[in-house]
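**Q** Pasting a structure here, questions to come.
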Amino acid sequence: MSDLIVKAAVKDALSEHNVSADFYDALNEEVAELLDDAAERAEANDRKTVQPRDL
């Protein structure tokens, strides 16, 4: 699976907290699932364009 997140951006967003190394992998998996679900919703509505409402 390719990286869908930017680790530096996540680290900046959570700058007041420590971030464990395995957090990035878990977050990447969650984002991948979110994208898959959004694509499925778009297809279910006969669209090839994924839109915010698919989230």
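The values are calculated or read from the model by the stated rules, or taken from the named source; none is laboratory data. Given the structure is predicted, the values throughout are model-derived calculations rather than measurements. As a convention, Cβ positions derive from the backbone with ideal geometry for all residues, glycine included, and neighbour counts pool all protein chains shown. Areas reflect the complete protein model, heavy atoms only, side chains present, ligands, DNA and RNA absent. Shrake-Rupley method; radii C 1.70, N 1.55, O 1.52, S 1.80 Å.
**Q** Computed from these coordinates, which is Rg/Rh (Cα atoms, Kirkwood Rh): (1) 1.14; (2) 1.04; (3) 1.11?
**A** Working out Rg/Rh (Cα atoms, Kirkwood Rh) from the coordinates points to (3).
**Q** Something else about it: Using a 1.4 Å probe over the heavy atoms of the protein chains, calculate the carbon and sulfur portion of the accessible area of the chain as a whole percent.
**A** On the way: 2290 of 4610 Å².
Using a 1.4 Å probe with all protein chains present, the chain comes out at 50 percent carbon and sulfur.
**Q** Could you give the nm distance between label points at A9 and L55, where each point is 7 Å from its Cα heading toward the beta carbon?
**A** According to this spin-label approximation, the distance is 1.1 nm.
**Q** Among K48, K7, what's the order by accessible area (1.4 angstrom probe), most exposed first?
**A** Working: K48 200, K7 105 Å².
Largest accessible area first, the residues go K48, K7.
**Q** Treat every Asp and Glu Cβ in the chain as -1 and every Lys and Arg Cβ as +1, leave all other atoms uncharged, and give the resulting dipole magnitude about the Cα centre to the nearest 20 debye. Display every interim value, and only then the final one.
**A** Numbers: 6 positive and 14 negative charges, 58 e Å.
About 280 debye.
**Q** Separate question: Accessible area per residue, 1.4 Å probe, Å², for the chain: what's the number?
**A** 84 Å²
**Q** Which value in nm describes the separation of the simple spin-label points at A42 and E30, placed 7 Å from the Cα toward the beta carbon?
**A** 2.2 nm
**Q** Order E16, E30, most accessible first, counting only protein heavy atoms with a 1.4 angstrom probe. Could the numbers behind the result be given before it?
**A** Working: E16 170, E30 115 Å².
If we order E16, E30 from most to least accessible, we get E16, E30.
**Q** Cα axis of helix 21-44 to longest principal axis of the chain: angle in degrees, 0 to 90, nearest 10?
**A** Once rounded, the angle reads 10 degrees.
**Q** Using a 1.4 Å probe on the protein heavy atoms only, what accessible surface does D25 show? Give it in Å² to the nearest 10.
**A** For D25, solvent-accessible area is about 90 Å².
**Q** Based on DSSP H runs of at least 4 residues, each adding -39500 (n - 2.57), what is the mean residue ellipticity at 222 nm of the chain after dividing by all its residues, to the nearest 500 deg cm²/dmol? Walk me through the numbers before you get to the answer.
**A** Working: 2 runs with 31 residues, N = 55.
Calculated mean residue ellipticity at 222 nm is -18500 deg cm²/dmol.
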